[in-house]
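Asker: Structure provided below as structure tokens; questions to follow.
Computed from the coordinates by the stated procedures, all read-outs in this text should not be read as laboratory data. Because the structure is a prediction, the values reported are computed rather than measured. Heads up, the Cβs are rebuilt from the backbone with ideal geometry, glycines too, and the neighbour counts pull from every protein chain shown.
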Amino acid sequence: MKIKRNVFSELIKWKNSVRRKPLVLEGARQVGKTWLLKEFGRSSFENYVYFNFDENDELAEIFKKNKNAHRIIERLSLIASEAIKPETTLIIFDEIQECSDALNALKYFNENAKEYCVASAGSLLGTLLAQPKSYPVGQVNLIKVFPLSFDEFLRASDEGLFAYYTKIQKNEPIEQIFHTRLTEMYQNYLIIGGLPECVLSWVTDKDPKEILRIQEALVSIYEKDFAKHNGKVNAGRILMVFRNIASQLAKENKKFIYGNISSGARAREFEEAIEWLVSAGMVNRVYLVSKNEHPLKAFCDLSTFKLYLFDTGLLKFMAGVGNDSIVLDKDYQFKGAIAENYVLQQLKAKSYEPHYFSFERFETDLLLQLENEEILPVEIKSGDNVKSASMRAYKAKYSPKRVVRYSMLNYTNDGDTVNIPLYLAGRTLDLI
């Protein structure tokens, strides 16, 4: 079975762009970058050639000895035993982080061989791209790949229900039968998450034990990567932060506190570890802003933030939340944290960069800055109890044009407050 990914349309745009540069896919390990590039090569080109720098160390010699892009292509063609043609052949460099000469060689393709289509990916590549002089600045196109969003998960699980989902319109009520079915799919997503291996296993076998086994194996892989690819950053501290995220989110205000990692921990000891996890795509960071005004980034408090895991299914697994708690919609302490992590994951997949805001003794879960510069306050409720003193206080103090609330309730829009069911978080802009 093939899983359709939304990012595929971005790959098509890249191929057809007159300003195309060599492509770099960013994203955490196991989000499907290699599969995407191979499927892209199969479906959108006459052929593709694939080179893996982790499996074939000898490939590095070609890039050490050659600075001429056409000469490099000639040598690669001989290795692949296949013609590499301009425009019609996709050249895939996988695990490119294992060969710094190949990463730097992307500039030669951009400067002297624009007619060739070159795409690359690699494990924790974002940590390299975040380092100065580690890759040719301005010479590549970047596309971020995330775990499957809820709508991608829904399309893989139930195409008929997905078809209904895509037709939901602003200000139109959602029939109760579909609201119930979509809510159940949302609960499934919280358990399974959006990592392709988990989704494919669930769609194929429907075995919850296998999902747990895969998630456990993936966490082990990620933790081993910390030592393998950490560079100059202390691998032990990366591991400590990663394992501490669930307990940080279990707190009432969820603000990241260094002292919660270990007694006496200081910011200077763990800042690099956090930056590494963010750059690797493993963690989503949400900053506090001092003002709820455009542009939000200008008012970030860089010392105050919350950290969320990049995949909600993995967070649920790492926190030890039972499937029954989610399926039976029980009240448990971590319920709000999972809902917040889920909403953030959907918004990040749609290229939103949310912040959060506090005033007096109240806190607004998220602030979104829309393209028209409107600042949209967001409240996240994990159930159907939507009473919120903080949102009432925000509306009274700042008189926003409108507010958004995510909850388990059906969709409503009274012009002042838009209640969006959690399963529709990824379609926020369509419904407000």
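Asker: Full extension from residue 52 to residue 262: what is 0.36 nm times the residue separation minus their Cα-Cα distance, to one decimal in nm? Each step should come with its number before you reach the end.
Answerer: On the way: separation 210, 0.36 × 210 = 75.60 nm, distance 3.93 nm.
This chain segment gains 71.7 nm when fully extended.
Asker: Test of understanding: express the Cα radius of gyration of the stretch 150-431 as a ratio to 2.2 N^0.38 Å, with N the residue count. Don't skip to the end; give the middle numbers.
Answerer: Values: Rg = 18.9 Å, N = 282, 2.2 N^0.38 = 18.8 Å.
Cα-based Rg divided by the globular estimate yields 1.01.
Asker: Assuming R0 = 22 Å, can you tell me the calculated FRET efficiency for the pair residue 232 and residue 101, based on Cβ-Cβ distance, to the nearest 0.05?
Answerer: Computed FRET efficiency for residue 232 and residue 101: 0.65.
Asker: Now for a different question. Quote the relative contact order of the chain in percent (integer), defining contacts as alpha-carbon pairs under 8 Å separated by 6+ residues.
Answerer: The value is 14 percent.
Asker: Could you compute the net charge surrounding residue 289? Neighbours are other residues with a C-beta less than 14 Å from the C-beta of residue 289; K and R count +1, D and E count -1.
Answerer: Details: positive: 255, 285, 291, 297, 306; negative: 293, 301, 353, 363, 365.
Around residue 289, the charge tally is 0.
Asker: Related question: Pulled fully out, how much extra length does the chain show between residue 16 and residue 88, if you take 0.36 nm times their separation in residues and subtract their Cα-Cα distance?
Answerer: Taking 0.36 nm per residue and subtracting the Cα distance, the gain is 24.8 nm.
Asker: Okay, moving on. For a test of the definition: using alpha carbon positions, the gyration tensor, and the 1.5 limit on a/c, classify the stretch 8-144 as rounded, prolate or oblate.
Answerer: rounded
Asker: Given 0.36 nm per residue, what is the gain on full extension from residue 111 to residue 301 after removing their alpha carbon distance, in nm?
Answerer: 64.5 nm
Asker: Enumerate the helices in the chain for which the Kyte-Doolittle hydropathy averages -0.5 or more and the C-alpha atoms extend at least 15 Å along the helix's axis, using complete DSSP H runs. Don't jump to the answer; show the numbers that get you there.
Answerer: On the way: long enough: 33-44 (16 Å, -0.75); 69-80 (16 Å, 0.68); 100-112 (19 Å, -0.73); 176-192 (24 Å, 0.01); 208-228 (30 Å, -0.27); 235-249 (22 Å, 0.79); 267-279 (18 Å, -0.10); 335-349 (22 Å, -0.12).
Taking the DSSP H segments of the chain (at least 15 Å long, mean hydropathy at least -0.5), we get 69-80, 176-192, 208-228, 235-249, 267-279, 335-349.
Asker: Nearest 5 is fine: what % of DSSP beta bridges in the chain come out antiparallel, could you say?
Answerer: 40
Asker: For residue 171 paired with residue 396, estimate the spin-label separation in nm (one decimal), with each label point 7 Å from Cα along the Cα-to-Cβ line.
Answerer: Using points 7 Å along Cα→Cβ, the separation is 3.1 nm.
Asker: So, in nm, how far is label residue 61 from label residue 359 when the simple model puts each one 7 Å beyond its Cα toward the Cβ?
Answerer: Calculated label separation equals 6.6 nm.
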